[in-house]
Amino acid sequence: MERFENVVDKFIESIEAGDSEAFAALFAEDAVGHHPLYPEPVRGREAIRQSEQALFDAFSDISVDVRSVLVDGDRSALEVVIEAVNTGPLDLGEGEPVPATGRTVALPASWWLDLGPDDLIVETRDYLDTATFLRQLGLEAT
């Protein structure tokens, strides 16, 4: 559990600060990220930084409420509620980015983090209800 505490703390701090550099520094160079807003896995530290920066560009006032953390060896699962305000365009991968709605989302999510022997994240899997996310933004779920 101890080795995850530092990583989880920094992970959440970087998200709440909207700091894609600090976020990416937590990942191995060849890490893989799975996220329901992206059709394909995001591969590599720089690609993970860029994808997170796109979310930071679209949302401000980000807060993460950690509800529970489970650790099993090199794997950790976090149950969280992410709250943020949509203040920038959001690219949903379907043509033109959606203009900012100014709405606040409060979205339950689950984050799975796998650590390598150097305590860098080698893989993440994010789970969230995209229909609820779109509905909270005032958008139609397609």
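What follows is calculated from the coordinates using simple rules that are stated; it is not laboratory data. Keep in mind the model is a prediction, meaning the values are calculated, not measured. Every residue, glycine among them, receives a Cβ derived from its backbone with ideal geometry; neighbour counts consider all protein chains shown.
Using only side-chain charges placed at the Cβ, +1 for Lys and Arg and -1 for Asp and Glu, the dipole size of the range 2-136 relative to its Cα centre rounds to 380 debye. Exposed loop sites here are GluC sites (Glu not before Pro) assigned a DSSP state other than H, G, I, E or B and surrounded by at most 12 other beta carbons within 10 Å; excluding them, the longest clear run of the chain is 1-93. Site pair L120 and E16 shows an inter-label distance of 2.6 nm when each label is modelled 7 Å from Cα along Cα→Cβ. Extension gain, S60 to Y127, is 22.1 nm, computed as 0.36 nm per intervening residue step minus the present C-alpha separation. Taking θ as phi - 60° and the Karplus parameters 6.51, -1.76 and 1.60, the scalar couplings of the range 85-90 work out to 10, 7, 10, x, x, 10 Hz in sequence order, x denoting glycine and proline. Arranged from fewest to most other beta-carbon atoms within 10 Å of their beta carbon, T132, T124 become T132, T124. Over the chain, the reciprocal of the mean inverse Cα-Cα separation, the Kirkwood hydrodynamic radius, stands at 15.4 Å. Principal axis extents of the C-alpha atoms in the range 83-142 (largest first, rounded to whole Å): 42, 24, 22.
When the P(r) is computed for the range 39-114, the part past 21 Å accounts for 40% of the Cα-Cα pairs.
Sorted from fewest to most neighbouring beta carbons within 10 Å, what does the list R103, R125 look like?
In increasing order of surrounding Cβ atoms, one gets R103, R125.
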